[in-house]
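The values are calculated or read from the model by the stated rules, or taken from the named source; none is laboratory data. The shown structure was predicted, so the numbers you read here are calculated from the model rather than taken from an experiment. No Cβ is skipped: glycine too gets one built from the backbone with ideal geometry, and neighbour counts run over all protein chains shown. With ligands, DNA and RNA removed, areas are computed over all heavy atoms of the protein, side chains included. Shrake-Rupley method; radii C 1.70, N 1.55, O 1.52, S 1.80 Å.
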Amino acid sequence: EAAAAGKAADFLPADLRLQCFVTEETNVTVIVLVNEAQCNSVCFENDCNNLESILNEGSCVMLCSTVTAMWSRSAFERFAKKGIQFTDCPISGGPVRALAGELSIMASGEDKSLQYIQPLLKAMGEQIHIIPGGAGMGSTAKMVHQLLAGVHIVVAAEALALAAKAGLDVEQMYDIVSGAAGQSWMFCDRGKRMISNPENKVMSALAIFIKDMDIVYSEAKRLQSPIPLATAALQQYISGASLGLTKADDSQVVKVYEALSGVSVQKPAAAPKEGDDVGDIWMLPDGREEKIVEVG
């Protein structure tokens with residue numbers, strides 16, 4: 001994907017190939033990639049430069065990406081033919097909780113495989129949920145979780161845009177909801193960045209929720225289970241992509257509502273002041289302005 005986008009070479013240098021990181025001595029390989037296509041590439045494609053070809057019998061693949069349950073089951077069956085264990089263990093929590101070892105993990109697979117990776121589960125996760133039913137059921141649980149997460153972000157944007165349109169102070173409205181019954185984890189987390197994100201930090205790209213909500217939609221369609229709210233949320237993420245927000249933080253789906261309502265939720269960045277500190281502005285004799293980036 002990176003090569004097709006012109007972001008990487010068409011081939012990897014020898015010192016960056018998979019065999020440099022995964023060898024015959026590797027007993028567990030943890031996969032945390034963006035999408036199913038990347039997982040399939042690492043596991044089964046690229047000639048013999050893949051996990052299926054490299055790993056020894058008895059080793060284990062621990063999949064933590066958000067993919068379809070169908071792919072997880074297929075990967076389990078394919079690895080099993082090589083005697084390689086496979087566990088379906090999608091995660092939730094983001095980079096901050098990952099660094100702290102406080103992820104929520106929805107683990108599924110054969111009992112012996114889950115026991116094999118138990119030390120990793122304990123090191124990575126604070127809440128470890130063993131989902132019965134074999135590989136694919138962890139991804140099924142993550143799919144249902146993402147329905148809620150994706151809808152909650154869009155609803156947060158909708159509420160804050162309505163507040164702005166009605167003339168309310170959106171920061172005050174954020175504080176009200178954060179301490180009342182209408183709050184959700186996503187409202188508290190993403191709502192803050194909808195109002196103020198001066199450095200345009202991307203904690204989770206909007207494109208990820210297009211992928212995740214499409215998994216929700218496809219699986220619900222297969223099961224004939226109606227999901228009108230999730231379907232509407234998916235369309236808002238797609239609208240965000242049409243505004244060029246694919247790589248922006250997913251909180252910026254709020255810009256879809258801003259474009260439609262003609263109001264701004266995001267708090268304007270404070271104008272730099274004239275002074276002598278980092279971030280201040282120096283007025284030069286010829287009238288030009290220079291931002292101070294370092295003070296000796």
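Being modelled with pLDDT of 95 or more, open to solvent by 10 Å² or more (accessible area, probe 1.4 Å), within 25 Å of GLY150 (Cβ to Cβ) and not in a strand (DSSP E or B) holds for only one residue in ARG73, ARG97, and it is ARG73. The set of residues in the range 166-188 that are in contact with a helix residue (DSSP H, G or I) (Cβ under 8 Å, 6 or more places away or on another chain), part of a helix (DSSP H, G or I), of a type outside the set (Val, Ile, Thr) and without any contact (Cβ under 8 Å) to a residue 60 or more places away in the chain comprises MET173, TYR174, SER178, TRP185, MET186, PHE187, CYS188. When the range 100-118 is limited to residues that are among the aliphatic types (A, V, I, L, M) and either out of contact with any Cys (no Cβ under 8 Å at 6 or more places or on another chain) or under 12 Å from SER65 (Cα atoms) (or both), the one that is most open to solvent (accessible area, probe 1.4 Å) turns out to be ALA100.
Would you check if HIS145 is outside any helix (DSSP H, G or I) and either under 29 Å from GLN235 (Cβ atoms) or at pLDDT 95 or above (or both)? Answer is no for this residue. Close Cβ contacts (under 8 Å, 6 or more residues apart or on different chains) running from residues in the range 65-83 that are without any contact (Cβ under 8 Å) to a residue 24 or more places away in the chain to residues that are surrounded by 18 or more Cβ atoms within 10 Å (Cβ to Cβ) comprise ALA80/PHE86.
What do you reckon, is ALA220 over 14 Å from the mean Cα position of the chain (by Cα) and either surrounded by 14 or more Cβ atoms within 10 Å (Cβ to Cβ) or charged (D, E, K, R) (or both)? Lay out the reasoning, then the answer.
Numbers: over 14 Å from the mean Cα position of the chain (by Cα): yes; either surrounded by 14 or more Cβ atoms within 10 Å (Cβ to Cβ) or charged (D, E, K, R) (or both): yes.
Yes.
Set side by side, the residues ALA248, ALA207 differ, and just one is within 30 Å of ALA69 (Cβ to Cβ), open to solvent by less than 30 Å² (accessible area, probe 1.4 Å) and modelled with pLDDT of 95 or more, which is ALA248.
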